[in-house]
Amino acid sequence: MPPTMTDCAINTSHLTRRFGDVRAVESLSLSVPRSSVYAFLGPNGSGKTTTIRMILGLIRADQGEVRLFGRPLDSNSRRELLSRVGAMVETPSLYPHLTGFENLRATQQLLALPRSFIERSLRIVGLEADAARLVKEYSLGMRQRLGVAQALLSLPELLILDEPTNGFDPGGMLEMRELIRRLPSEHGVTIFLSSHLLAEVEQLATHVGIIGRGKLLFEGTLESLRSRQPQLVRIEVDQPPSAGALLPEAGCTLVRIEDKTVLADVGARENVPRLAATLVRAGLKLYEISAVHASLEDMFLELTKDHKMAPVSLPVEVAP
Amino acid sequence: MKYLSRAVGVELLKLRRTLALCASWVIPVALLAMTTAINLSRGYGTKFVLDEPNGWDSLMLDLTLVLWCFVVLPLFVALEAALLAGIEHRENTWKHLFALPLPRWTIYVAKLLVGFGLVCVTSLVLAVGTALQGWIILTLRPDLGLSTPIPWALILWRSFSFVPPVLLMIAVETWVAVSWRSFTVPMTLGVSCTAVTIMLLRTIKNNLSTPYGPHLASYFPWSLPYVVIAPGATPNLRETAFLVGVLGGLLASILGCWEIVRRDVA
């Protein structure tokens, strides 16, 4: 059963945003269940960051609505709802001339949080020992962790992380993954995580939303995503082209012929013995039929192959 | 107000180890050092004589405050606005600030208040520095005509009298500096407008009766501080400049807030 609005930390309905003639996000409807780790996936320039900015009220939607914790995000509710959200958008927002501690102190002071929250946040991300160092001396990984600490400072109910492992080495990625994995179980935080690195979220996410060219291509649990995928088998035979031609007889579909093997979609498990019988009956030498399990990356590439586009950025040089 | 006081506190925290804080005392000290050297090298027989008996008013108005209000202050305001906004532009921390559960205007008003506060710091440095400059002149060049006691009330009045109308300049420069990431935009504006000021203010200094010069100077944001202290300006002109600076500054600040709050955060 799909989650209701009140069960969701984030709900968007028909969210649309254009930059000139470019539709960065088009009629996007997301449902992020509470206490989930929701991976928001898409190729570069697919509209992930634009969506996050609209969810945080940083940019306005041309159409559609954002709801946080069941309530619409508008000028009346903005402050109350954002007090339950922590976010790191794209790169960490840090002051290089201040120490790690002073950076968190700035946010702590703005939010009038207890000073002890700074130490707690530093402890969660493992930066206590480096808190007194200037941020300009930090490595990229340390900056990312401090950015997460900043987002976590108020221990929000919803943590929005936009490409949190950008620029990480494999060690840093592992550390960040461990950190994100711990947060929902230890602190009950809902995590909305955008990424274009599929392998890393596959091990973390409970739910997945896939976006391409600003449109939602899939949303659901990882299991439901996997169940949508074709049942692929790899067939090793002496004459692959002949085997490929015989596939329809067994109720299967040819995906492609690869050297000495044939990749086929059997549709249903029951078709596998039928396929074997058909090939043997035709006099082909059948050596092996093996199941092919699609990784999240394969599924992602399959879903987004027609939806790649040039990165969209705001067309103005002005800030904020 | 609680949000604003927090935002101002954080702006002050962010000033640590910055050129913005350093510039607020280094620049007036450098100007005072230069005018002290010029005064000490005046020819024998010259005296600080305007219309007051002990020479302190002319010590300030002859050189230090003229140079300060005429050229240095407009450039200082442009520099400070660029540096204060640059703290956020550098790592694009706007997106973090504006995603916090705070009224957005507090972030902007805090920048304006800190900018104004830094101008007040420079005035305080000018006041203390002028007293020190006077003491040095009294010691090394008693022939120049300065006399004791140090007129603190006059020095403080002169050093702060032009500060309220600076608000308009600060409001315009801050809006420009926050709106454009490039450091050169507010600086170019400051330099260009200082050049315009020089043209406008020559009309006051030389008591020229051109029909538009003095009149325009009392409305042009970058010339207001000088008009307020200029010996050649009429009381009416000074009053207009003061009111334009203060009321225009408040209006420009409100408009800046209104615009920034509604803007998309890139």
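Readers should treat all values here as calculations from the given coordinates under stated rules, not as data from a laboratory. Here the structure is a predicted model, which is why all the values come from computation and not from measurement. All Cβ positions, glycine included, derive from the backbone under ideal geometry; neighbour counts span all protein chains shown.
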Requested in this report: Summarise the partner chain shielding of B:86-97 as one whole number: the mean count of Cβ atoms from other chains within 10 Å of each residue's Cβ.
Outcome: 6
Report task. Place a +1 charge on the Cβ of each Lys and Arg in the protein assembly as shown and a -1 charge on the Cβ of each Asp and Glu, then give the dipole magnitude about the Cα centre in debye, rounded to the nearest 20. Result -> 840
Report summary line: Tilt, helix B:184-205 to longest principal axis of chain B (alpha-carbon atoms), in degrees rounded to tens, equals 30
Query raised in the report: Cα axis of helix A:116-125 to longest principal axis of chain A: angle in degrees, 0 to 90, nearest 10?
Result: 30
Query raised in the report: What's the angle, to the nearest 10 degrees (0 to 90), between helix B:19-40's Cα axis and the longest principal axis of chain B?
Result: 10
Query raised in the report: Where both partners of a DSSP beta bridge lie in chain A, what percent of those bridges are antiparallel, to the nearest 5?
Result: 65
Query raised in the report: To the nearest 20 debye, what is the magnitude of the charge dipole of chain A about its Cα centre, counting +1 on the Cβ of each Lys and Arg and -1 on the Cβ of each Asp and Glu?
Result: 660
Query - Cα lying deepest toward the dipole's positive end in the stretch B:74-153, options B:144, B:133, B:102, charges on Cβ - result: B:102
Requested in this report: Calculate the length of the line joining the C-alpha centroid of the stretch A:130-164 to that of the stretch B:69-141, in whole Å.
Outcome: 29
Report task. Beta carbons within 10 angstrom, averaged per residue: use that to sort the peptides A:273-283, B:19-29, A:48-58, highest first. Result -> A:48-58, B:19-29, A:273-283
**Report entry** Computed [θ] at 222 nm, helices only, for chain A once each DSSP H run of length n ≥ 4 contributes -39500 (n - 2.57)
**Finding:** -9500 deg cm²/dmol
Query raised in the report: Does the stretch B:68-108 come out rounded, prolate or oblate, given a ≥ b ≥ c as the square roots of the eigenvalues of its C-alpha gyration tensor, rounded meaning a/c under 1.5 and, failing that, prolate meaning a/b above b/c?
Result: oblate
Report summary line: the protein assembly as shown: antiparallel bridges as % of DSSP beta bridges, rounded to 5, reads 70
Report summary line: Under the rule rounded for a/c under 1.5, else prolate if a/b exceeds b/c, else oblate, using alpha carbon gyration tensor axes a ≥ b ≥ c, the stretch A:1-77 is classed as oblate
Requested in this report: For the pairs A:136/B:2; A:48/A:136; B:14/B:95; A:136/B:111, note any where the Cα-Cα span goes beyond 19 Å.
Outcome: A:136/B:2; A:48/A:136; A:136/B:111
**Report entry** Peptides ranked, highest mean first, by Cβ atoms within 10 Å: ranges A:128-137, A:187-196, B:154-163
**Finding:** A:187-196, B:154-163, A:128-137
Report task. Taking the dipole about the Cα centre of the stretch A:186-292, with the C-beta of Lys and Arg at +1 and of Asp and Glu at -1, give me whichever of A:275, A:245, A:194 is farthest to the positive side. Result -> A:245
Query raised in the report: Using only helices, what value at 222 nm comes out for chain B when you add -39,500 (n - 2.57) per DSSP H run of length 4 or more and divide by the total residues, to the nearest 500 deg cm²/dmol?
Result: -22500 deg cm²/dmol
Report task. Return the long-range amide H neighbours of residue A:99 (sequence gap of 5 or more, or a different chain), with a cut-off of under 5 Å between placed amide H atoms. Result -> A:135
Query raised in the report: In percent, what relative contact order does the stretch B:17-143 have, based on Cα pairs under 8 Å that are 6 or more apart in sequence?
Result: 48
Report task. Only Lys, Arg, Asp and Glu count, each charged at its Cβ (+1, +1, -1, -1), so figure out the dipole size of the stretch A:1-70 about its Cα centre, rounded to 20 debye. Result -> 160
Report summary line: Here the stretch A:217-229 yields Karplus 3J(HN,Hα) values (6.51, -1.76, 1.60; θ = phi - 60°; whole Hz; Gly and Pro given as x) of 9, 7, 8, x, 7, 4, 4, 5, 5, 5, 5, 7, 7
Report summary line: Gyration tensor on Cα atoms of the stretch A:157-220, a ≥ b ≥ c root eigenvalues, a/c under 1.5 rounded, else prolate if a/b beats b/c, else oblate, says oblate
Query raised in the report: In terms of Cα to Cα distance under 13 Å, which aspartates and glutamates are near enough to residue A:215, apart from those fewer than 8 places away along the same chain?
Result: A:26, A:306
**Report entry** Set of aspartates and glutamates with alpha-carbon distance to residue A:285 below 13 Å, sequence-local pairs under 8 removed
**Finding:** A:236, A:238
